[in-house]
Amino acid sequence: MLKQTLKRVLSFCLVACMAFTSSELTNCSYARAATPIDGWNFEIYMCGSTLESPSDLRAATVDLLELMSAKNVPDNVQVTLQTGGSKAWYFDEGIKSYYKDVLHMTDETIKKINPQNISSDYIQRYKIKYDNVITQDGKTITYPSLVQLSADEGANNPDVAKKEGRNVVSMADASTLEDFVKDTANQYQHNVLVFWDHGGGTEGGVCNDEWADMDSLSLKEIDTALTAASDVIPNGKYDMIGYDACLMGSFETLAMTARHADYAIAAMTVEGDNGWNYTPVIDELAKAVNEHRDYSGKDIATTEVQAYRNYYLDKKNKDYDVNATIGAFDLSYMPRCVNEFDELAKAMMHICADSNLKAAFEKAAYTAKEIDQNMDLMGMYSFLNQTIKFTDNYAKANGKSKKSTVKMNVANCRDYVKAAQTLKADLFEKDFLLAMCNGDTNSEYHGEKALSFFYPQKDSRNHGAFSKNSYNELGISDYYAAYIYNIAHNVETKQATIPKSSVHYNNKTGKYTLTISSNNEDYMSFTGEKVYLKANDGKHIALSENRVNLNGSSFSAAPITKYLTFNGSPIYTSAYDTYYGDYYTYMNVNGKEQKVFFIIEQGEVILENSFEPGTVLIPYYVYSNGKKTLNKKATYKVTQKDFKNEELILPFEWKKESANNFIYDFCAESYYGNISHNKVAHSDIVQFAKAKTTIPKKSYNLTGYKITPAVKVKAGKTTLKKGKDYIVSYTNNLGIGTATITIKGIGRYAAAPEKKLTFKIIAKK
């Protein structure tokens, strides 16, 4: 197959397209025609991510070459794409190898074409031009190329953005997707949109930007962007939206997508290594247009499913995948199915009213096929089958009971069976599922039917937070949001505990390390580091708050030595994105509280909010007791003089301070919101580190018993107390030799480095 050929072609170096002069670049701003003409716009939102950047993978380049390998593509079939999100692109070497190995161009001919790389530093837009011609040895070669539609759409690389004074643009932001959709809408009647990258289903979303710490587009963000751009799409909807990404074949994904497209393609499971096979899809579309045949999003969806099946289930193919699963869906069914799902969830909530029936129902539910544990995805088909079987059997076995609670349970089970059978019929027994590749007969997913849904798994690390905070934003079912919140709080009791964590200071490295106990690690996350300053009135002013990322089971951070002030007063700041150097503070802006965002460049604090001259700003600072206090001393009125090169620069200043005056609060959180605090005053750490430790003598005679000299610990003029401030342990203190005393701080000194003393044990003369 072509994909195999291309993969062999890609045993090289790789990187970008055809070189065009700046005069050939356009604004990539297509005006929507008043009356769309017959034709197709095939758009790909290609976030290269870690699928492209590894030199041994280069998956985005492989798929680009598949798209470009289509034949006889007419002018009214336009393939448009946006690239970004990857720290490396290898297209230029890929296209050179394609020209050489497939089209048999010479090196000299390729030099004339002069391919260029897709930039990893910028987000860029291209269209594929299929009908380029060049003469070689008297023969004409028709070849494809990428035509860059704009110089760049913004900097993806934060270092480049900072250097050039640009804004950082992420493929994982809804605004970036909205801008792409609006700018690439064209005059054609038919439109297709494909999301290309990693996928994480209902919870994880799609398109993880490598420059943005693998942030992704959530389903809510996709919905927001496509809603905002719907007025530029002919008919207000796409003919088809596809997800060339893992795990996106969930009920929730399709429910959202149905608001924006007539048909969809998505994979229930992890996709095969090479994702979709694009060449047959574009070939078939081009053929239909050339023959003036009726063609629809349904045809594209079913064609790709067949191409996927042919590729991954061909045992002659080295990329054969026994579990290859993907589905094509008619989204016109989804509004009805969403209502039916809501009725199903209502019945589930009624079942939960009885704790025993609830426990038995959940046990039956967990016999359904788990699709992905970490993303809390379960097979919809097996779930409905298993729960229908359970509730039907319960109703039949207890149908004659006269107990009021049992009679109520029977009625609730019958309601559930009715709702589940109705939903099952529409999802799997009609034309909602148009086509599917469901692995071969040995696949662990063969009994499923290409559709998952969000259901908290027993061993999931993530279900608590998403169930509690985010699922209801999808607007699918309030009943189901309540149900999963309910079970998420009962799946794993370990998650309800307060996190066990500790913090230690290292004198040599000058860093604090926060560590989670191994038995609790899977159920916890680091919430962040909060830094307080001891004020003159004895209270603690919260100066900053940073989220921290877990590395294994520990996190390290160096103490700060300076803090930000505004107009002479300390300011509470929080890191919005430390990777890009974005921060925010709370301010009273003309009488209303507001988050004010800023960046720091060359020592100047530049506000990212748009404030007009005359705006009155009053920053807040926050005390450790959680009380937010208005800092009236820092009142400031913005003037025209504060604007430099159209940027608003206010009198923020850094104030140096001894590290001893700071308090550090390292926080860890369970997935149920329970928080542990490891609050440390750096002055205490310094005090303990400088404390003098003494014992009565340096040598003792052998006695035959363990020798335990009394330890005295004195910090300045203060003598610390054993059992309150420190504990003592002894090693090698029985026989002749050198014994060691370890003095470990406790209480306020718990994070301080241990202190050690030695003494000799000698033979009695």
- State all residues of the range 312-349 that are touching a residue at least 12 places away in the same chain (Cβ under 8 Å) and aromatic (Phe, Trp, Tyr); if no residue qualifies, say none. TYR312, PHE329, TYR333, PHE341
- Query: All but one of (1) under 29 Å from the mean Cα position of the chain (by Cα); (2) surrounded by fewer than 20 Cβ atoms within 10 Å (Cβ to Cβ); (3) in contact (Cβ under 8 Å) with a residue 40 or more places away in the chain; (4) assigned to a helix (DSSP H, G or I) hold for PHE383; which doesn't?
  - Reply: (2)
- When the range 728-757 is examined, which residues are found to be surrounded by fewer than 18 Cβ atoms within 10 Å (Cβ to Cβ) and farther than 16 Å from ALA691 by Cα? SER729, TYR730, THR731, ASN732, LEU734, GLY735, ILE736, GLY737, THR738, THR740
- Message: Looking for something part of a loop (DSSP other than H, G, I, E, B) and more than 24 Å from LYS539 (Cα to Cα) - is there at least one such residue anywhere in the range 663-672?
- Response: yes
- The lone condition TYR320 fails out of (1) buried (at least 18 other Cβ atoms within 10 Å of the Cβ); (2) within 30 Å of the chain's Cα centre (by Cα); (3) not charged (D, E, K, R) is (1)
- Task: Please work out which one of (1) under 26 Å from ILE484 (Cα atoms); (2) surrounded by fewer than 21 Cβ atoms within 10 Å (Cβ to Cβ); (3) touching a strand residue (DSSP E or B) at 6+ places or on another chain (Cβ under 7 Å); (4) not aromatic (Phe, Trp, Tyr) is the condition ASP223 fails and give its number.
- Result: (3)
- Note on the structure: Pairs returned, first residue in the range 628-647 that is in the same structural domain as ILE606 (by TED's automatic domain parsing) and loosely packed, with under 12 Cβ neighbours inside 10 Å, second residue that is hydrophobic (A, V, I, L, M, F, W, C) and in a helix (DSSP H, G or I), beta-carbon separation under 7 angstrom, 6 or more apart or interchain, are none
- Does the range 215-230 contain any residue that is within 20 Å of THR50 (Cα to Cα) and part of a helix (DSSP H, G or I)? no
- Considering (1) under 17 Å from MET256 (Cα atoms); (2) without any contact (Cβ under 8 Å) to a residue 60 or more places away in the chain, say which one GLU164 fails and leave the rest. (1)
- Message: Contact list please: Cβ distance under 8 Å, first residue in the range 554-571 and in contact (Cβ under 8 Å) with a residue 12 or more places away in the chain and crowded, with 16+ Cβ neighbours inside 10 Å, second residue charged (D, E, K, R) and in a loop (DSSP other than H, G, I, E, B), pairs at least six apart or on different chains.
- Response: TYR563/GLU657
- Can you name the residue in the range 432-465 that is closer than 24 Å to GLY272 by Cα and among the acidic types (Asp, Glu) and is also modelled with the highest pLDDT among such residues? GLU448
- When restricted to GLY94, GLY84, the only residue within 30 Å of SER296 (Cα to Cα), buried (at least 17 other Cβ atoms within 10 Å of the Cβ) and within 33 Å of the chain's Cα centre (by Cα) is GLY84
- Message: Is it the case, given these coordinates, that ILE675 is in contact with an Asp or Glu (Cβ under 9 Å, 6 or more places away or on another chain), within 30 Å of PHE555 (Cα to Cα), modelled with pLDDT of 90 or more and aliphatic (A, V, I, L, M)?
- Response: no
- Checked the range 177-211 for anything of a type in the set (Asp, Glu) and within 17 Å of THR269 (Cα to Cα); matches are ASP197, GLU203
- Message: Contact list please: Cβ distance under 6 Å, first residue in the range 504-530 and at pLDDT 85 or above, second residue hydrophobic (A, V, I, L, M, F, W, C) and assigned to a strand (DSSP E or B), pairs at least six apart or on different chains.
- Response: TYR512/VAL503; TYR512/ALA557; LEU514/VAL503; LEU514/PHE555; LEU514/PHE666; GLU529/ALA557; GLU529/PHE666
- In the range 588-623, anything more than 24 Å from LYS656 (Cβ to Cβ), acidic (Asp, Glu) and part of a strand (DSSP E or B) is listed as GLU593
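The values are calculated or read from the model by the stated rules, or taken from the named source; none is laboratory data. Nothing here was measured: the structure is a model prediction, and the numbers come from that model. Glycine gets a Cβ as well: all are built from the backbone with ideal geometry, and neighbour counts include every protein chain shown.
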